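Below you'll find the structure, written out as structure tokens, and then a few comments.
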Amino acid sequence: MEPKNQKNQTTISEFLLLGLTEKPEHQTLLFGLFLSVYLVTIFGNLLIVLAIITDVRLHTPMYFFLSNLSLVDTFFSSTTVPKMLVNLWTQNQAISFVGCLAQMYTFHLFGTMDSFLLAVMAIDRFVAIVYPLRYSVIMSPCVCGLLLGGPWLITNLQSLVHTCLVAQLTFCAGSKIPHFFCDLMPLLKLSCSDTHTNELVIFAFGIIMGISPLLCILLSYTCIFWAVFKIPSAQGKWKAFSTCGSHLTVVSLFYGTIFAVYLQPTSPASSQKDKTAALMCGVVIPMLNPFIYSLRNKEMKAALKKLIGKAVSSQS
């Protein structure tokens, strides 16, 4: 296959991120909005982590995975929002080639890790409801470590492969990315090289990394629903299933956004929809997760009240 736009090939040192809008009058409003969202995201997720660390009652596999989800959400949001805030404040859209690759690497790393953590948390709920008497034995520290370490290894490998393949491409001069961050597909569209290998790798990883966590979640909840259905009392059913409410809400938000981004038909008018969906996935959902888990969980509420009470008393 012939390289695309061969006559325009050149080595570039930076890209231009066009952002969410090119209207100057909207820049200040967007800066204030996303700065507020980012501060709430960081504060909320780190508060969840601190509450879990300081409260001995929360030293269980479920909250261990939740604390890791909060950390990943913190890093996920930090991948795109700080650079977007800098661009909005300085009116400078440039991002270096190396910085663009780093942003792409971390975005895919933490985004994919989010989906694997949701799958691991579904497994945890499956064991807790279907095998409650053997829960502490099955979900041992060693097993929890493997369930967490395995996804970290796989997601780093995926991001590394994508980044190395993109680093070998040639891009056209004055490359403008119609997005607020360096995403993989917009970068491939700007390449003057043959991207056939990249597209095959994206498809292969998409099948493995995209479908396997979702299948794990669906299978876990199928078994959970079946186990809950066999519980004779309505109170028992509600008690068993209530521990899954927060997780199901987060799963619905996360995968609903993923489907909106990647399953919609390609069209010239879909660029703005892609930006909106990416904002939901990488900015809004990480902000909402602490509220979802704290408002629907009595143990988490108690731990947060205790943590905040200690902080207030220490300052008085």
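The values are calculated or read from the model by the stated rules, or taken from the named source; none is laboratory data. Predicted model, so just to flag it, every value in this text is computed and none were measured. Every residue, glycine as well, gets a Cβ built from its backbone with ideal geometry; the counts of neighbours run over all protein chains shown. Just the protein is used for accessible areas: all its heavy atoms, side chains included, with ligands, DNA and RNA removed. Shrake-Rupley method; radii C 1.70, N 1.55, O 1.52, S 1.80 Å.
Determine which single condition Ala234 fails, assuming it passes every other condition in (1) out of contact with any Phe, Trp or Tyr (no Cβ under 8 Å at 6 or more places or on another chain); (2) at pLDDT 85 or above.
Checking Ala234 against (1) out of contact with any Phe, Trp or Tyr (no Cβ under 8 Å at 6 or more places or on another chain); (2) at pLDDT 85 or above, the one that fails is (2).
Of the residues that make up the range 30-37, is at least one within 20 Å of Ile292 (Cβ to Cβ) and either in a loop (DSSP other than H, G, I, E, B) or modelled with pLDDT of 85 or more (or both)?
Yes, that holds for at least one residue.
(1) in a loop (DSSP other than H, G, I, E, B); (2) open to solvent by less than 50 Å² (accessible area, probe 1.4 Å); (3) touching a Pro at 6+ places or on another chain (Cβ under 9 Å): which one isn't true of Asp194, the others all being true?
(2)
Select from the range 243-258 the residues that are modelled with pLDDT of 80 or more and hydrophobic (A, V, I, L, M, F, W, C) and list them in ascending order.
Of everything in the range 243-258, those that are modelled with pLDDT of 80 or more and hydrophobic (A, V, I, L, M, F, W, C) turn out to be Cys244, Leu248, Val250, Val251, Leu253, Phe254.
Just to be sure I understand, how many residues within the range 96-117 are aliphatic (A, V, I, L, M) and crowded, with 21+ Cβ neighbours inside 10 Å?
Matching residues across the range 96-117 total 4.
Look at Gly282 and say whether it is assigned to a helix (DSSP H, G or I), at pLDDT 80 or above, farther than 30 Å from Pro132 by Cβ and open to solvent by 20 Å² or more (accessible area, probe 1.4 Å).
Answer is no for this residue.
Can you name the number of the only condition in (1) at pLDDT 95 or above; (2) open to solvent by less than 70 Å² (accessible area, probe 1.4 Å) that Ala51 fails?
(1)
Check off (1) modelled with pLDDT of 85 or more; (2) more than 13 Å from the chain's Cα centre (by Cα) for Asp274 and give me the number that stays unchecked.
Unmet condition: (1).
Return the residues of the range 123-166 that are free of Cβ contacts under 8 Å to residues at least 24 places away in the same chain, open to solvent by 20 Å² or more (accessible area, probe 1.4 Å), in contact with a Pro (Cβ under 9 Å, 6 or more places away or on another chain) and not hydroxyl-bearing (Ser, Thr, Tyr); say none if nothing qualifies.
Residues satisfying the conditions are Pro141, Val143.
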